[in-house]
1. Which whole number of Å³ per residue matches the convex hull of the alpha-carbon atoms in region A:27-100?
2. Please give the charge dipole size of the protein assembly as shown, origin at the Cα centre, charges +1 on K and R Cβ atoms and -1 on D and E Cβ atoms. Round to the nearest 20 debye.
3. How big is the antiparallel share of DSSP beta bridges in the protein assembly as shown, given as a percent to the nearest 5?
4. State the Cα centre-to-centre distance between region A:143-194 and region B:130-144 in whole Å.
5. Give the long-range amide H neighbours of B:CYS232: residues separated by 5 or more places, or on another chain, with amide H under 5 Å away, using H modelled in the peptide plane at 1.01 Å from N.
6. Considering only lysines 8 or more places apart in sequence, or on different chains, count the pairs in region A:1-100 whose C-alpha atoms sit under 16 Å apart.
7. Can you put B:ARG191, A:ARG319, B:ARG298 in order of Cβ neighbours within 10 angstrom, beginning with the fewest?
8. Tally Lys/Arg at +1 and Asp/Glu at -1 over every other residue whose Cβ is under 10 Å from the Cβ of B:SER266; what's the total?
There are 2 protein chains.
Amino acid sequence: MGEKSYQVAVVGATGAVGNLMVRVLEERGFPVKDLRLLASFRSVGKTLSYKGGCIPVEELKEDSFKGVEIALFSAGGSVSKKFAPIAAAAGCVVIDNSSAFRMDPNVPLVVPEVNPDALVKGPGIIANPNCSTIQMVVALKPIYDAVGIKRIVVTTFQAVSGTGKRAIEELRNQVEALVQGKEPKMEIYPRQIAFNCFPHIGAFLENGYTEEEMKMVNETRKIFNDPNIGVCATTVRVPVYYGHSEAVNIETKAPISVERVRELLSQAPGVRVVDDPANLCYPVPLDAAGKDETLVGRIRLDPSVENGLAMWVVADNIRKGAASNAVQIAETMMARNLL
Amino acid sequence: MGEKSYQVAVVGATGAVGNLMVRVLEERGFPVKDLRLLASFRSVGKTLSYKGGCIPVEELKEDSFKGVEIALFSAGGSVSKKFAPIAAAAGCVVIDNSSAFRMDPNVPLVVPEVNPDALVKGPGIIANPNCSTIQMVVALKPIYDAVGIKRIVVTTFQAVSGTGKRAIEELRNQVEALVQGKEPKMEIYPRQIAFNCFPHIGAFLENGYTEEEMKMVNETRKIFNDPNIGVCATTVRVPVYYGHSEAVNIETKAPISVERVRELLSQAPGVRVVDDPANLCYPVPLDAAGKDETLVGRIRLDPSVENGLAMWVVADNIRKGAASNAVQIAETMMARNLL
């Protein structure tokens, strides 16, 4: 082929998302020349498999980025805040999964199916949006382009994998304890997550919303480049391992039929319409898990308001909501000769 | 006391809700002179405990209602359709938990905290609303009275107990199977409910909504006696045993502050405000289970629309959503000399 290949680093490679970034690079056949796995000192000694080989995890240091062209970060906000600018200064294209730089006006916040034009050539930081935001804007983009969107009311059903490996273990341990008649332990979440749900993702803010809810407001506006779009979110953690679900209610600026929405979404990149209720066909998180597509179903008019539309949007929160979107940003930059 | 006491029958006494109706009659000290437990032939031979004694289950027959003054029905729509009119003709006040008569213009549909004035004296059928509707209207009534409500967008997180005993067992069995590495069995629900959720409660209708969603539209309008109130619902089953949660977004007709909403709800019958996010205080289904109150929290303004307000409403779906509301209807009729 003679296709260019890249020096890639994954920062936070031993976390749930970082680990998956490595798998997604392999699965999607991203042209990696050399892969470096970076993490904190306590992960040194671990290895991850990649294309049949074993790659050792190295300690993340200030000089880790020499020769690296693309750095995928998923090690939390504080690591990104410190090391993403260092990597960018060393010449990397940094694709950062944390929230550290998302609202920075100088940092593109990108979902490749939605706003690829926000990507620019050369080294620097690109932010990967919040998982809940990504799948919603992927599903709404074709409608936004066709008739405009005035307002979004969204309620989420978020999987524990969004919190990380230890939350996955917490749900599993709580369920096992309850099955055995034991008291479930709480270490990661403030409330029991097994057989429960709670409207608390991220810290509570002065205005009564959570950080997660305000991410959906602010990131949606930035990605659509539309400061006037109204968004009201309620974000809820549910006892599901993989896959966020969202009940999305919108008011469009002009009328659109359900048939036209289905048609637009059927042709949209990254979207799969799963909408045949008569045959019990609607998206569920178990079906979305392991896929990069955003599944959309339950598309129906909402007659309670002018130009109202309701739908149900499900995607794998650590794939399309995190790892896959990051890799797709790199793919898009490659396709556009921005790398 | 010399207080009058009543001949009471519970129809469907061996089901999840019927069984709980017996417990709620006892717990709330309803003045029962004599309690008859009625069910299908296959439950004959079973007994239920009541006030330290044991009451045998009798077969439901056309002549079961002789001498019965109050009959609480929870045996499904077809049993209600056949036997509720027979019981009413025999002189009973029938309080029916099925959906069979809810939209009948001659049948009151009552939540005691919301529309007690719909109750009338004498024998006849009174319908107990759908669980999801009850807790929503209890939470919204004080706001409706204060400033009016134009539109409601609601998304539910519904517990398996709403489907009945066998659904509770299905979730438990699926979770146990998965913990043991076995394949989960599906008998009650069309999709796996353990570690999953699906936007499918009741049959799908022509308009793309489910029966459960349209119950929330139509019953809310009937209870508020307001055919113009806009309601759009998405009803979702989640792997929770007891307690429905609802993300409720409303547009009021006039402005109202969060403080005033909290104040109104604090004084409202049947409501408990659980709304101190800074101290991790918000309603969750595990806390609502076993209680008759509707818990309301996460009260906040929704700046994306004029007079927008969002909140999170949780109640025990088989208590306030079914058994307790039925008993409270009887209590209210008693207090108003309608029995």
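1. 97 Å³
2. Working: 74 positive and 76 negative charges, 121 e Å.
Result for the protein assembly as shown is approximately 580 debye, rounded to the nearest 20.
3. Expressed as a percentage, antiparallel bridges in the protein assembly as shown total about 45.
4. Measuring centre to centre over Cα atoms gives 26 Å.
5. Hits under the 5 Å cutoff: B:ILE152, B:VAL153, B:VAL154.
6. So the count of such lysine pairs works out to 5.
7. Ordered by Cβ neighbours within 10 Å, fewest first: B:ARG191, B:ARG298, A:ARG319.
8. Values: positive: B:ARG262, B:ARG272; negative: B:GLU263, B:ASP275.
Result for the local shell: 0.
Throughout, read-outs are computed from the coordinates displayed, never taken from laboratory work. Note that the coordinates shown come from a computational prediction; the quantities given were computed from them, not determined experimentally. No Cβ is skipped: glycine too gets one built from the backbone with ideal geometry, and neighbour counts run over all protein chains shown.
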